[in-house]
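Participant: Pasting a structure here, questions to come.
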Amino acid sequence: MLQLEKVNAYYDEFHVLKDVSLSVKEGQLVLLVGPNGHGKSTLLKTIAGLIRTTSGSIKFRDKNINNLPVDKTVEMGLTYISEERNLFVEMTVLENLKLGAYNCFAWPKMNHSLELVFKLFPRLSERKAQIVSTLSGGELRMLAIGRGLMSGASFLAIDEPSLGLSPLLTNEVFKKIKDINEKNITILLVEQNIKLAGSIANHIYLMEDGRITYGDTTKKAMNNPIIKAAYLGKNRGAVHDLSVN
Amino acid sequence: MTYQLIEAIISGITLGSIYAVIAMGLCLVYGVSKIFNFAHGTMFTWSAYLAWLCINQFRLNYLITFIIVLPVMYCFGIALERIVIRPLRWKSDWQFTTIVATLATAIMLDNLCQIIFNPRTKMLPPILNGTVKFQSYVMSKHEIIIFFVGIITIIFVKLYLSKTKTGMAIRAVSQDVVGAQIIGIKVDQLFSRTFGISVVLAAIAGILMAPKFYITPLGGWGPLIKGFIIVAFGGLGSLSGTLYAAFILGLVEAMVSLYIGPLWVFPFWTLLFILILAIRPKGLLGSWG
């Protein structure tokens, strides 16, 4: 469904993405892990069209989407849910969700999508008239995901949904992401917490210093000694040894 | 005494409604694009001149004048955004360069106005002649029209922003540009639409005010400065704050004119402005994020 080949991108002057190649198949839930500041978020932003590529190709449903403006990728069914959430904090929950269906294909189907989102997140239904700035951290995260779903996307790129959440809430959010994936929506998930997110993913990629250094099915990845040592064991600081290997 | 006071309050509210219309335009553009549009006053002037053309030269009535001038000014606003602002946007220091660019545009358009229409002042007849007497209070019909058109415009803008798809998108962009982009809003297109709407608001005020004052090529600078004080007073980018500020300052203007003298209006405005900023540095309803 999504194929990246040798994608290079710069953030201001910094060469962040270096020859990144990866692929996500329809219906998969792919996890992208790696240390902070090594280009995971930049990769998602590049796929969404917020950051330009300098070379390489990004294909979505076999169409080139390199440097397409964000509104076009949204119309094609690819929605990015940012780590900072980027919600409209002075509007109500309902207004935020409605705006999620802004693109011309999703707007006519708004009521149907609203029903779907409220079924998935009953909490949002209870709070729909509330101003967003009064919501709790977990509710904000759910709203961000809900708003992303409203676009009628068939592919969600979700950036660190566990950021700032307690372990209990993180678990809940991951469960919802799994539910969404089971509704046949393909997901590319960026996450630090490989232990938790690994349990719901089919495939894991590891990104270090702007490169994909490892990629395999979850089962194999969880048994890989390097991954185990760096991300699953007690010695989680030893991340950098990996790029040497 | 009380008779004068009530008259001052009525005139203050009327002034407030027209200031609100001018300031809302500035506020919308600032809220959405974070640009302070120095050409806003010039748009006010240009619409007054266009109305003069329609009414004095082509002998049209006010209704048709509005129907002609407002869409023309909307296109004017879109062109302003496309030609002056868009080439600079997202380049380095664009938030500063665009402000200077609007200032330059204002000066050029004012001079163009002087060349086309010559510097002599022009006059427009009131929309309706005569006065209305209510017990012992007398109001000119034109003032009443200003008041009602002002209020209707405010309500209309409020409804537009809260109920329509584009209106909601405008609010979305003003609250989070990245958030607006990732849900598929064409942000650039929305910027120019907002400019268009803002210029239409300036035009409504410009046409309504023209019969009260003379039309001169530099006539827009007064309303621009007043609009700026109102927007900053209310809290930059806050529409409700701007509305409150417009009516408060309109009333202050009427009171000061009555009890102290019209020349003292501006010193009082600035004094009040400094005071409010000392108490609430982000203005009346400025966001504290």
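Participant: Averaging the inverse of every distinct alpha carbon separation and then flipping it gives the Kirkwood radius. What is it for segment A:104-245, in angstrom units?
Facilitator: Here the Kirkwood hydrodynamic radius works out to 16.8 Å.
Participant: Over all directions, how big on average is the projection of the convex hull of the alpha-carbon atoms in segment A:169-227, in square nanometres?
Facilitator: Spelled out: convex hull of the Cα atoms, projected over all directions, averaged, 4.3 nm².
Participant: In addition: Taking segment A:1-136 on its own, what percent of its Cα-Cα pair distances exceed 26 Å?
Facilitator: More than 26 Å apart: 35 percent of the Cα pairs in segment A:1-136.
Participant: Pairwise over distinct Cα atoms, reciprocal of the mean inverse distance: report the Kirkwood radius of segment B:1-49 in Å, one decimal place.
Facilitator: Across segment B:1-49, the inverse of the average 1/r is 12.7 Å.
Participant: Under 14 Å between C-alpha atoms is the cut-off here; go through segment B:3-279 and count lysine pairs that meet it, provided they're at least eight residues apart or on different chains.
Facilitator: Step by step, the pairs that qualify in segment B:3-279 add up to 4.
Participant: Kindly give the semi-axes, whole Å and largest first, of the ellipsoid equivalent to segment A:28-72, taking each as the square root of 5 times a Cα gyration tensor eigenvalue.
Facilitator: Value: 20, 14, 10 Å, ordered largest first.
Participant: Another question, if that's okay. So, with +1 on the Cβ of K and R and -1 on the Cβ of D and E, and no other charges, what is the size of the charge dipole of chain A about its Cα centre, to the nearest 20 debye?
Facilitator: Its charge dipole is roughly 560 debye.
Participant: Under a no-solvent Debye model with one identical scatterer per Cα of chain B, what's log10 I(q)/I(0) at q = 0.06, 0.09, 0.10, 0.16 Å⁻¹?
Facilitator: -0.19, -0.43, -0.53, -1.35
Participant: Once phi is turned into ³J(HN,Hα) by the Karplus curve 6.51 cos²θ - 1.76 cosθ + 1.60 with θ = phi - 60°, what whole-Hz value does each residue of segment B:265-272 show in order, with x for glycine and proline?
Facilitator: Computed from phi, the couplings for segment B:265-272 are 4, 5, x, 5, 4, 5, 4, 4 Hz.
Participant: Which residues' amide hydrogens lie under 5 Å from the amide hydrogen of B:L128, considering only partners 5 or more residues apart or on another chain, with H built in the peptide plane?
Facilitator: B:H142
Participant: Report Rg/Rh for segment B:37-146, rounded to two decimals, where Rg is the Cα radius of gyration and Rh the Kirkwood radius.
Facilitator: 1.11
Participant: At q = 0.08, 0.13 Å⁻¹, what is the log10 ratio I(q)/I(0) for chain A, with the Debye formula run over Cα points and no solvent?
Facilitator: For chain A, the Cα-only Debye profile gives -0.29, -0.79.
Participant: To the nearest 20 debye, what is the magnitude of the charge dipole of chain B about its Cα centre, counting +1 on the Cβ of each Lys and Arg and -1 on the Cβ of each Asp and Glu?
Facilitator: Around 480 debye, computed over chain B.
Participant: Expressed as an acute angle from 0 to 90° and rounded to the nearest 10, what is the orientation of the C-alpha long axis of helix B:239-259 relative to the principal long axis of chain B?
Facilitator: Approximately 30 degrees, to the nearest 10.
Participant: For segment B:114-194, count all C-alpha to C-alpha pairs, find those more than 19 Å apart, and express that count as a whole percent of the total.
Facilitator: Percent of Cα pairs beyond 19 Å in segment B:114-194: 63.
Participant: So what J values fall out for segment B:50-61 if you push phi through Karplus, 6.51 cos²θ - 1.76 cosθ + 1.60 with θ = phi - 60°, rounded to Hz, Gly and Pro as x?
Facilitator: For segment B:50-61, the Karplus-derived couplings read 4, 5, 4, 4, 4, 7, 7, 8, 9, 6, 8, 8 Hz, x marking Gly and Pro.
Participant: Which whole-number percent is the relative contact order of chain A (Cα, under 8 Å, 6+ apart)?
Facilitator: 25
Participant: Let me ask something else. How far is the Cα center of segment A:140-165 from the Cα center of segment A:44-81, in Å?
Facilitator: What the calculation gives is 17 Å, centre to centre.
Participant: Compute the angle between helix B:165-175 and the longest alpha-carbon principal axis of chain B, please, reported from 0 to 90 degrees and rounded to the nearest 10.
Facilitator: 80
Participant: What ³J(HN,Hα) values, in whole Hz, does the Karplus curve 6.51 cos²θ - 1.76 cosθ + 1.60 give for segment A:12-18 when θ = phi - 60°, with x put for Gly and Pro?
Facilitator: 6, 9, 8, 7, 8, 9, 10
Participant: Under a 5 Å amide H to amide H cut-off, with H placed in plane at 1.01 Å, what residues pair with A:L32 once short-range neighbours are removed?
Facilitator: HN-HN under 5 Å from A:L32: A:L189, A:V190, A:E191, A:Y205.
Participant: Next question, about the same structure. What number, rounded to the nearest 500 deg cm²/dmol, is the helix-based mean residue ellipticity at 222 nm of chain A, given -39500 (n - 2.57) per DSSP H run of at least four residues and division by all its residues?
Facilitator: -9500 deg cm²/dmol
Participant: Give me the angle, in degrees from 0 to 90, between the Cα long axis of helix B:2-33 and the longest principal axis of the Cα atoms of chain B, rounded to the nearest 10.
Facilitator: The two axes meet at around 20 degrees.
Participant: Can you tell me what percent of all Cα-Cα pairs in the protein assembly as shown are more than 44 Å apart?
Facilitator: Value for the protein assembly as shown: 31 percent of Cα pairs lie more than 44 Å apart.
The numbers here are math on the coordinates, done by the rules we state, and not lab data. Nothing here was measured: the structure is a model prediction, and the numbers come from that model. Every residue, glycine among them, receives a Cβ derived from its backbone with ideal geometry; neighbour counts consider all protein chains shown.
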